[in-house]
Amino acid sequence: DGGITQSPKYLFRKEGQNVTLSCEQNLNHDAMYWYRQDPGQGLRLIYYSQIVNDFQKGDIAEGYSVSREKKESFPLTVTSAQKNPTAFYLCASSIDWQGFHQPQHFGDGTRLSIL
Amino acid sequence: AQSVAQPEDQVNVAEGNPLTVKCTYSVSGNPYLFWYVQYPNRGLQFLLKYITGDNLVKGSYGFEAEFNKSQTSFHLKKPSALVSDSALYFCAVRAYMYRDDKIIFGKGTRLHILP
């Protein structure tokens, strides 16, 4: 079955540490997205990528970085500059660069907590 | 400003009764509207979308939504609720400003179906 795989499911970060969240899709989708979900705040867009080797900042990109070296992979790094990283992180993809017209497919998320 | 609002944090419905989850939006131009559902510790699942055409849109699991342009609303409905419909529901709208094209999610409505 095609889908989006996020790993790990749970992740703990120490102060001053960078951590990387994995997102892999086998749907052959061009566009990929990272969202942050906090209770009562809905989803907020961190970064998105319309095509390989290209990505754009979303609404809350500060303290995060991404790369898109392969079509199927869009890892998110939460850097030590992100002072409040505790949240549920969701990766999504859609068919093509006009992805915001298309429904997005979501992974099952990574829950990041601070030690 | 482009926005989407879900005025109810929680909706309680008895099993077998009709349900409505409310959504209103504010965008420039024609809206593209979506409904997603999220079960605990899972990603979002696409239910239905409105792009153009009939104001009543049918989606997955017996859900439908009614687009009302004059009231700028896109309420989610189901004629007979099931306990398994209990979940968090998100309304989303495509917002386009200048070269920034993205989806804005509402804060979510938690639906409780009472046996």
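For the condition within 11 Å of chain A (Cβ to nearest Cβ), open to solvent by 40 Å² or more (accessible area, probe 1.4 Å) and either touching a residue at least 40 places away in the same chain (Cβ under 8 Å) or of a type in the set (Lys, Arg) (or both), what is the one hit in B:Lys77, B:Lys49?
Checking each option against the conditions leaves just B:Lys49.
Could you please find all residues in region A:38-83 being surrounded by 15 or more Cβ atoms within 10 Å (Cβ to Cβ), within 9 Å of another protein chain (Cβ to nearest Cβ) and touching a Gly at 6+ places or on another chain (Cβ under 9 Å)?
A:Gly42, A:Leu43, A:Arg44, A:Leu45, A:Tyr48
Identify, please: which residue in region A:1-37 is within 11 Å of another protein chain (Cβ to nearest Cβ) and assigned to a loop (DSSP other than H, G, I, E, B) and is, among those, farthest from the chain's Cα centre (by Cα)?
Looking at the filtered set, the residue picked out is A:Gly3.
Kindly indicate whether B:Pro40 is of a type outside the set (Val, Ile, Thr), buried (at least 16 other Cβ atoms within 10 Å of the Cβ) and closer than 29 Å to A:Met32 by Cα.
So B:Pro40 fails the test.
List, please: which pairs have Cβ atoms under 8 Å, are six or more places apart or on different chains, and start with a residue in region B:31-45 that is within 8 Å of chain A (Cβ to nearest Cβ) and free of Cβ contacts under 8 Å to residues at least 40 places away in the same chain and end with one that is surrounded by 20 or more Cβ atoms within 10 Å (Cβ to Cβ) and among the β-branched types (Val, Ile, Thr)?
Cβ pairs passing all conditions: B:Gly43/A:Ile4; B:Gln45/B:Val37.
Pick from A:Ser80, A:Ser93, A:Ser73, A:Ser113: which is touching a residue at least 24 places away in the same chain (Cβ under 8 Å) and out of contact with any strand residue (DSSP E or B) (no Cβ under 8 Å at 6 or more places or on another chain)?
A:Ser80
Can you tell which of B:Glu66, B:Glu8 is in contact with a Lys or Arg (Cβ under 9 Å, 6 or more places away or on another chain), closer than 28 Å to A:Tyr89 by Cα and open to solvent by 10 Å² or more (accessible area, probe 1.4 Å)?
B:Glu8
The values are calculated or read from the model by the stated rules, or taken from the named source; none is laboratory data. If you're wondering where the values come from, they're calculated on a predicted model, not measured in any experiment. Reconstructed Cβ throughout: ideal geometry from the backbone, glycine too, with neighbour counts over all protein chains shown. Protein only, heavy atoms only, side chains kept; ligands, DNA and RNA dropped before computing areas. Shrake-Rupley method; radii C 1.70, N 1.55, O 1.52, S 1.80 Å.
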